[in-house]
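In what follows, a single structure is set out as structure tokens and then discussed.
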Amino acid sequence: MLEREFSAADEERYNRPARYAVSSHTWGVPAVYHHGEHTHQLHVRAGGGPDYADVACNVSTVGSPCLPSLICMKIGSMGYDGSSMMRRYVPPRLLALSALFTVAGFFAVRFPDVPGTAAGSLVSTVLIALPAFFAFFKRFGTRRAMVALGLLSLFGFAVELTGVATGFPYGEFSYSDELGPKIAGLVPYGLPVSWAPLVLGAVAATEPRRRRRSRRSLTGWVLAAALLLVALDGVLDPGAARLGFWVWPHGGVYFGVPLSNYAGWLLSSVLAASLLLALLPWSDTRPVPGMLDSAIISLAFWISVAVFTRLWLPALLGVGLFAFLLWRRHSLKEDSVIEASLEPLESRVAGVGGR
């Protein structure tokens, strides 16, 4: 049995992902590629050419009986431009938006009293949120996405109203008028537009690769998403307090923010992530990397705010998270394209197994 990865030259020549393609140079030699929890054994027969190879598939799936069959397919029909995607971690549009909101962070710090600040803040919040919302609707469809976002927003309002009114779970704080009109004078109406995309991004960024998920793996997913959200707030909250978006009357040890805030974020994030996992068919849909984009753009803004208010630790944390999210976005993009490319093969294998 031969298991190997292709060289860069192989990848360029065959125009498909290196570790998932079978080279026509391996005539008569069994080869393996891994896709999630499935292990596929491919045996290349004579035939094909430099761009296409006729493949006889002996497919075995981990955890189920072997499904031997002889299926001829063209690897070239996978049609995946691996080389260009591998070299491009971030779409230019995402880079441009990140740069734009980096500049916006500078102006928010240096010119806080410009007329129309509240309206500008609302418009910016909506623009930041749109990429994640579009990707969310693309993955789950309009009806499911609307229901999930509606329930997530209601949950967010409930937690924030409770927090401002009682001090639980974040500690005593209040929102300023900089964020626009507020429900009962307590929580800005636009809260879900700024908070929900962060939740979507954190859940998407921590999604496991295995499609069949045990209770234990789901618990790990929820905790990972919650911890990522807490880390994001480690960048966001000190800067927001400096800009006067909300007020901690008693201050706190972390750049004016109390540690109770992060305990509250951990609790609310666990509940929010659990809600999203319970409401939606994550295992039955392919990842959409754009769900991370709003969190990436938001980080660009808050890193800028941290730098220009000299919050160096939050700024460094933000840079690390920014790099992590870009890497995860690239990984999800690769996984999504590979799954789309392999669907014809897997559907044919399923058909053979049912005979």
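If you go through the range 139-171 and keep only what is in a loop (DSSP other than H, G, I, E, B) and under 16 Å from Pro281 (Cα atoms), you end up with just Gly141. Checked against the criterion of being surrounded by fewer than 19 Cβ atoms within 10 Å (Cβ to Cβ) and either touching a Leu at 6+ places or on another chain (Cβ under 6 Å) or modelled with pLDDT of 95 or more (or both), the candidates Phe140, Phe157, Phe136 yield just one match: Phe157.
Can you pull out every residue in the range 256-287 that is assigned to a loop (DSSP other than H, G, I, E, B) and either among the acidic types (Asp, Glu) or more than 25 Å from Thr102 (Cβ to Cβ) (or both)? Give the derivation first.
Kept after step one, since they are assigned to a loop (DSSP other than H, G, I, E, B), are these residues of the range 256-287: 256, 258, 280-281, 285-287.
Result: Pro258, Leu280, Pro281, Thr285, Arg286, Pro287.
So is Thr285 in contact with a Lys or Arg (Cβ under 8 Å, 6 or more places away or on another chain), over 27 Å from Ala119 (Cα atoms) and of a type in the set (Val, Ile, Thr) or not?
On the way: in contact with a Lys or Arg (Cβ under 8 Å, 6 or more places away or on another chain): yes; over 27 Å from Ala119 (Cα atoms): yes; of a type in the set (Val, Ile, Thr): yes.
Yes.
Checking Val164, Val114 one by one, the residue that is out of contact with any strand residue (DSSP E or B) (no Cβ under 9 Å at 6 or more places or on another chain), free of Cβ contacts under 8 Å to residues at least 60 places away in the same chain, of a type in the set (Val, Ile, Thr) and over 16 Å from Ala196 (Cα atoms) is Val114 and no other.
Taken residue by residue, the range 217-228 has at least one member that is out of contact with any Ser or Thr (no Cβ under 9 Å at 6 or more places or on another chain), at negative phi and small (Gly, Ala, Ser). Pairs needed: first member in the range 321-333, assigned by TED's automatic domain parsing to the domain that holds Ala226 and under 15 Å from Ser298 (Cβ atoms); second member anywhere, of a type in the set (S, T, N, Q) and part of a helix (DSSP H, G or I); C-beta distance under 9 Å; at least 6 residues apart or different chains. Pairs found: Phe322/Ser98.
Working only within the range 108-121, note down all residues that are hydrophobic (A, V, I, L, M, F, W, C), in a helix (DSSP H, G or I) and either over 11 Å from Leu243 (Cα atoms) or touching a Gly at 6+ places or on another chain (Cβ under 8 Å) (or both). Hits for the range 108-121 are Ala118, Ala119.
Looking only at the range 288-315, which residues are out of contact with any Ser or Thr (no Cβ under 7 Å at 6 or more places or on another chain), assigned to a helix (DSSP H, G or I) and among the polar types (S, T, N, Q)? Hits for the range 288-315 are Ser294, Ser298. Residues that are out of contact with any Pro (no Cβ under 8 Å at 6 or more places or on another chain) and part of a loop (DSSP other than H, G, I, E, B) within the range 172-200 comprise Ser176, Ala184, Gly185, Leu186, Gly190, listed in sequence order. Right, Val126: touching a helix residue (DSSP H, G or I) at 6+ places or on another chain (Cβ under 8 Å) and either assigned to a helix (DSSP H, G or I) or closer than 24 Å to Pro289 by Cα (or both) or not? Answer is yes for this residue.
Take the residues of the range 207-248 that are within 23 Å of Ala306 (Cβ to Cβ) and β-branched (Val, Ile, Thr): which is surrounded by the fewest Cβ atoms within 10 Å (Cβ to Cβ)? Result: Val247.
Only one of the numbered conditions (1) out of contact with any Lys or Arg (no Cβ under 9 Å at 6 or more places or on another chain); (2) farther than 28 Å from Ser217 by Cα is not met by Val305, and that is (1).
So, in the range 167-187, how many residues would count as being surrounded by 21 or more Cβ atoms within 10 Å (Cβ to Cβ) and within 18 Å of Ala272 (Cβ to Cβ)? Qualifying residue count, the range 167-187: 2.
Checking each residue of the range 264-283 against the condition of being in the same structural domain as Arg209 (by TED's automatic domain parsing) and at positive phi gives no match. The set of residues in the range 203-225 being closer than 15 Å to Leu280 by Cα, in a helix (DSSP H, G or I) and either of a type in the set (Gly, Ala, Ser) or within 13 Å of the chain's Cα centre (by Cα) (or both) consists of Val203, Ala204, Trp221.
The values are calculated or read from the model by the stated rules, or taken from the named source; none is laboratory data. Keep in mind the model is a prediction, meaning the values are calculated, not measured. Note: ideal-geometry Cβ built from the backbone for every residue, glycine included; neighbour counts use all protein chains shown.
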